[in-house]
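Trainee: The structure follows.
The values are calculated or read from the model by the stated rules, or taken from the named source; none is laboratory data. It should be emphasised that the depicted structure is a prediction, and the values quoted were computed from it without experimental measurement. All Cβ positions, even for glycine, are placed from backbone atoms using ideal geometry, and neighbour counts span all protein chains on display.
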Amino acid sequence: MSEWLVLTIAMAAACAVVLSIAFINHRRIGEDDDPNETPDVIEYMTMMIGVIYAIVLGLAIAGVWEGRGAAQEYVRQEAQALHEISVRSEVYPAEVRKAIRADVDAYVTYVVDTEWREMADHGRLTDRGGELLERIRRDVTDYEPQTDHEGQAYQPLVDQVAAVDDARGARGLGAGATMPGVVWFGLIAGALVTVGLIFTLQIRRSFRELLLAGLFSALIAFLLFLIWDFDAPFGRGISATAEPFLSQFPHLGLGD
């Protein structure tokens, strides 16, 4: 049985049980019962639904913000590992060192100038970026150390290449939207229900009540926009930036 069918049945069953109990209880009430002596359930339920939806919104904002922060950290790790490769290749012969640094610079330039736009527009990495990274790997792993000093630097350089590859893969996984469609359905449906409940509370046309209702609706719309904006770590206004690459490789003049 599909999990969505199970969810639908569970929600329908819960509603049926509650409505049945309410209907049976209503039939047992005598004609002399005074409803004014019982608390207004509408105000209580409106308050509880608002609280529950606020918790859901908070969790959603925290989740997408954490994803955005993780994406920025992957960029920092990748840039730092590339910087270490460029610096630690100093112990290699001039020809090898020059080839490694040239390929590192070419990779960084391509990521900042080209691949970043691909992530923002389509939420994915490019094959060309993988090819440039493979050239760096070949530069490092194909060289056979000639001295003990070079031998000591060889494995750390290989490890840094692996760190770049790992950070690049994580950057690619975090490039697209992270919120599933069903979560968006729940957030939007919850917003409609929460705002709609305002009209169950005898709202009048006084300036204060209309102002509060408008501000409440605007606040929910703003929070939903905030979640949507954070949901694509590389593609929207408040997104992860390429600043770690720019700060680690200032000689390339990127971002000018």
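Trainee: Can you name every residue in region 68-81 that is closer than 24 Å to P250 by Cα and either in contact (Cβ under 8 Å) with a residue 40 or more places away in the chain or in contact with a His (Cβ under 7 Å, 6 or more places away or on another chain) (or both)? Walk me through how you get there before you give the answer.
Mentor: Here is the first cut: in region 68-81, the ones closer than 24 Å to P250 by Cα are 69-81.
Selection gives A70, A71, Q72, Y74, V75, R76, Q77, E78, A79, Q80, A81.
Trainee: Further, regarding this structure: Starting from region 42-67, keep only residues that are more than 16 Å from F199 (Cα to Cα), then list their pairs with residues that are among the hydroxyl-bearing types (S, T, Y) and part of a helix (DSSP H, G or I) whose Cβ atoms are within a distance under 7 Å, requiring at least 6 positions of separation or different chains.
Mentor: Y53/T194
Trainee: Could you check region 113-124 and list, in sequence order, the residues that are in a helix (DSSP H, G or I), surrounded by 15 or more Cβ atoms within 10 Å (Cβ to Cβ) and either in contact (Cβ under 8 Å) with a residue 24 or more places away in the chain or out of contact with any Leu (no Cβ under 8 Å at 6 or more places or on another chain) (or both)? Show your work before the answer.
Mentor: From region 113-124, those in a helix (DSSP H, G or I) are 113-122; that's our starting set.
Of the ones still in play, those that are also surrounded by 15 or more Cβ atoms within 10 Å (Cβ to Cβ) are 115-116, 118-120.
Result: W116, M119, A120.
Trainee: Considering each of A177, A153, A170, A162 in turn, give the residue that is over 30 Å from A102 (Cβ atoms) and either small (G, A, S) or free of Cβ contacts under 8 Å to residues at least 12 places away in the same chain (or both).
Mentor: Values: A153 fails: over 30 Å from A102 (Cβ atoms); A170 fails: over 30 Å from A102 (Cβ atoms); A162 fails: over 30 Å from A102 (Cβ atoms).
It is A177.
Trainee: Something else: Condition test on R168, is it of a type outside the set (A, V, I, L, M, F, W, C) and in contact with a Leu (Cβ under 9 Å, 6 or more places away or on another chain)? I'd like the intermediate steps shown before the answer.
Mentor: On the way: of a type outside the set (A, V, I, L, M, F, W, C): yes; in contact with a Leu (Cβ under 9 Å, 6 or more places away or on another chain): yes.
The answer is yes for R168.
Trainee: Suppose the filter is surrounded by fewer than 17 Cβ atoms within 10 Å (Cβ to Cβ), in a helix (DSSP H, G or I) and either among the aliphatic types (A, V, I, L, M) or modelled with pLDDT of 90 or more (or both); does V164 pass it? Spell out the reasoning first.
Mentor: On the way: surrounded by fewer than 17 Cβ atoms within 10 Å (Cβ to Cβ): no; in a helix (DSSP H, G or I): yes; either among the aliphatic types (A, V, I, L, M) or modelled with pLDDT of 90 or more (or both): yes.
When the stated conditions are applied, V164 does not pass them.
Trainee: For region 200-216: of the residues being under 18 Å from M48 (Cα atoms) and at pLDDT 75 or above, which is nearest to the chain's Cα centre (by Cα)?
Mentor: So, considering only residues that are under 18 Å from M48 (Cα atoms) and at pLDDT 75 or above, the one nearest to the chain's Cα centre (by Cα) is F216.
Trainee: Kindly indicate whether any position in region 57-74 is of a type in the set (A, V, I, L, M), modelled with pLDDT of 80 or more and loosely packed, with under 14 Cβ neighbours inside 10 Å. Step through it out loud before you land on a result.
Mentor: To start, the set of residues in region 57-74 that are of a type in the set (A, V, I, L, M) comprises 57, 59-62, 64, 70-71.
Next, from what is left, pick out any that are modelled with pLDDT of 80 or more: 57, 59-62, 64, 70-71.
The next check asks that each one be loosely packed, with under 14 Cβ neighbours inside 10 Å; those that pass are 59, 62.
Yes: region 57-74 contains one or more residues that are of a type in the set (A, V, I, L, M), modelled with pLDDT of 80 or more and loosely packed, with under 14 Cβ neighbours inside 10 Å.
Trainee: Report the residue count in region 122-167 for those that are under 23 Å from Y92 (Cβ atoms) and of a type in the set (K, R).
Mentor: Residues in region 122-167 being under 23 Å from Y92 (Cβ atoms) and of a type in the set (K, R): 3 in total.
Trainee: Let me ask you something else. Which of the residues that make up region 125-152 are closer than 23 Å to L246 by Cα and exposed (fewer than 13 other Cβ atoms within 10 Å of the Cβ)?
Mentor: D127, E131
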